[in-house]
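So the structure is just underneath, and the comments pick up after that.
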Amino acid sequence: MTFELSRKTPWCDCGGLFDLSFTPYDLAIASNDHTFWRYGGVLPVEHRVSLGEPITPIVKLPLDEFEAYAKLEYLLPTGSFKDRGAAIFISAMVAAGVDRFMEDSSGNAGASMSAYAARAGMRCEIYCPASASPSKLVQVERTGATIHRIEGPRSNTTDAVRAQVGEVFYASHNWHPLFLHGTKTMAYEIAEQYDWNPPQHIVAPTGGGSVLLGLHLGFGELLQMGRIHLMPKLHAVQAEACAPLAEANVEARPSIAEGILTANPPRLSMLKRVVDSVTLVSEEEILEGFRWLGRAGFNAEPTSAVIVPALRKMNLAAGEAVLAILTGSGLKSSLL
């Protein structure tokens, strides 16, 4: 059974997940294009809604224990990796004739989706936890989007938006496969930056899973094309306050890593299949990691900081290449 992209509900009538019917046709890289659109032949859109998404740099982390590098995703236009998914998703919605949508977000996805909606001249409503970082909520409001602040845990926000499903296009970054075809561009960048020999290990903060699922999708395509010969091991990091990859029947508790407090990710079973390990970190460890990043010159938000204690806990073999993903900007946080 197939469905049109303009379908307002991002899941099947049976409640199942959608996949995208798309086969990459060409990896002819546009060498004069220094955005992720240089990989246009593997993207499922022709119409482009763009804010000039740069190829994000990879920088060495000054860890004493072993050598590791970080990909600075917080340098994307709205300050998070979510811009990858939003650019592709909004581009596809415009092509499908969608002119209005709603989305729920802990902050970064809402800021990204609303910015790209503004770029495309679309109307949107963003549902966010009332407890989200004020700077993220301001980002959303600045775009002219309608914002709904929902009291209580992150799950209440999802419940609020789902009550409107069927009336307005629900552009869920956690449910819709188009978003992953945006985040997969991170894999193409990493492969090219490592001269088509990607690192053995990639470590990322994980909530809904769009970083690791996108990486798995992208590296899988590259393997099929014969451009790389190894699927990196993908390592998830979760806060002890919300760890659905490690525990059943999770109820999210408050955490400074607000961007990964997704107690019931729609693609949890898929995520469990692609993840090679899960590391849990405490609030004290996250705060220490956040301060360590700042003193090392990396202006990343607390959610990104989970990678620091995780790297120190993980039993990685000496000499193997390790890359961590810094997902969001510290400019979105007032924490010191």
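Return the only residue of Ala187, Ala252 being of a type outside the set (Val, Ile, Thr) and either in contact with a Pro (Cβ under 6 Å, 6 or more places away or on another chain) or open to solvent by 40 Å² or more (accessible area, probe 1.4 Å) (or both).
Ala252
Among the helices (runs of 4 or more DSSP H) confined wholly to segment 226-336, which include 3 or more residues that are closer than 30 Å to Val138 by Cβ and modelled with pLDDT of 95 or more?
Answer list for segment 226-336: 283-295, 307-313.
In this structure, is Gly97 within 26 Å of Thr185 (Cβ to Cβ) and in contact with a strand residue (DSSP E or B) (Cβ under 8 Å, 6 or more places away or on another chain)? Even if it seems obvious, please write down each step before you answer.
Details: within 26 Å of Thr185 (Cβ to Cβ): yes; in contact with a strand residue (DSSP E or B) (Cβ under 8 Å, 6 or more places away or on another chain): no.
No; evaluated as a whole, the condition is false for this residue.
Scan segment 115-129 for residues that are touching a residue at least 60 places away in the same chain (Cβ under 8 Å) and open to solvent by 40 Å² or more (accessible area, probe 1.4 Å) and jot them down.
Correct list: Arg119 only.
Looking only at segment 44-55, decide whether some residue is surrounded by 12 or more Cβ atoms within 10 Å (Cβ to Cβ), under 30 Å from Lys313 (Cα atoms) and of a type outside the set (Gly, Ala, Ser).
yes
Suppose the filter is within 29 Å of Asp26 (Cβ to Cβ) and without any contact (Cβ under 8 Å) to a residue 24 or more places away in the chain; does Gly214 pass it?
Here the answer is no, as Gly214 does not meet what is asked.
Given the structure, is Val98 β-branched (Val, Ile, Thr) and over 20 Å from the mean Cα position of the chain (by Cα)?
The answer is yes for Val98.
Give the residue, chosen from Glu167, Glu141, that is surrounded by fewer than 21 Cβ atoms within 10 Å (Cβ to Cβ) and in contact with a Ser or Thr (Cβ under 9 Å, 6 or more places away or on another chain). Steps first, please.
Working: Glu167 fails: in contact with a Ser or Thr (Cβ under 9 Å, 6 or more places away or on another chain).
Criteria check complete, one pass: Glu141.
Name every residue in segment 65-99 that is assigned to a loop (DSSP other than H, G, I, E, B) and either open to solvent by 10 Å² or more (accessible area, probe 1.4 Å) or modelled with pLDDT under 95 (or both), in order of residue number.
Glu65, Phe66, Glu67, Pro77, Thr78, Phe81, Ala96, Gly97, Val98, Asp99
Residues are listed down the side, and each one gets a yes or a no for (1) in contact with a strand residue (DSSP E or B) (Cβ under 8 Å, 6 or more places away or on another chain); (2) within 13 Å of Ile256 (Cβ to Cβ); (3) of a type outside the set (A, V, I, L, M, F, W, C); (4) open to solvent by 20 Å² or more (accessible area, probe 1.4 Å):
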position	(1), (2), (3), (4)
Leu268	no, no, no, yes
Val275	yes, no, no, yes
Val278	yes, no, no, yes
Arg291	no, yes, yes, yes
Phe298	yes, no, no, no
Ala305	no, yes, no, no
Ala317	no, no, no, yes
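Give me a count of the residues in segment 8-43 that are part of a loop (DSSP other than H, G, I, E, B), open to solvent by 30 Å² or more (accessible area, probe 1.4 Å), closer than 19 Å to Glu103 by Cα and touching a strand residue (DSSP E or B) at 6+ places or on another chain (Cβ under 8 Å).
Number of matching residues: 2.
Going by the conditions given, is Glu189 touching a helix residue (DSSP H, G or I) at 6+ places or on another chain (Cβ under 9 Å) and touching a residue at least 40 places away in the same chain (Cβ under 8 Å)?
The answer is yes for Glu189.
For segment 100-114, state whether one or more residues are open to solvent by 40 Å² or more (accessible area, probe 1.4 Å) and in contact (Cβ under 8 Å) with a residue 60 or more places away in the chain.
yes
Restricted to segment 152-164, and to residues that are without any contact (Cβ under 8 Å) to a residue 60 or more places away in the chain and assigned to a loop (DSSP other than H, G, I, E, B), which residue is surrounded by the fewest Cβ atoms within 10 Å (Cβ to Cβ)?
Ranking the qualifying residues of segment 152-164, first place goes to Ala163.
The values are calculated or read from the model by the stated rules, or taken from the named source; none is laboratory data. All of these numbers come straight from a predicted model, not from anything done at the bench. All Cβ positions, glycine included, derive from the backbone under ideal geometry; neighbour counts span all protein chains shown. In case anyone asks, the SASA skips ligands and DNA or RNA and just uses the protein heavy atoms, side chains included. Shrake-Rupley method; radii C 1.70, N 1.55, O 1.52, S 1.80 Å.
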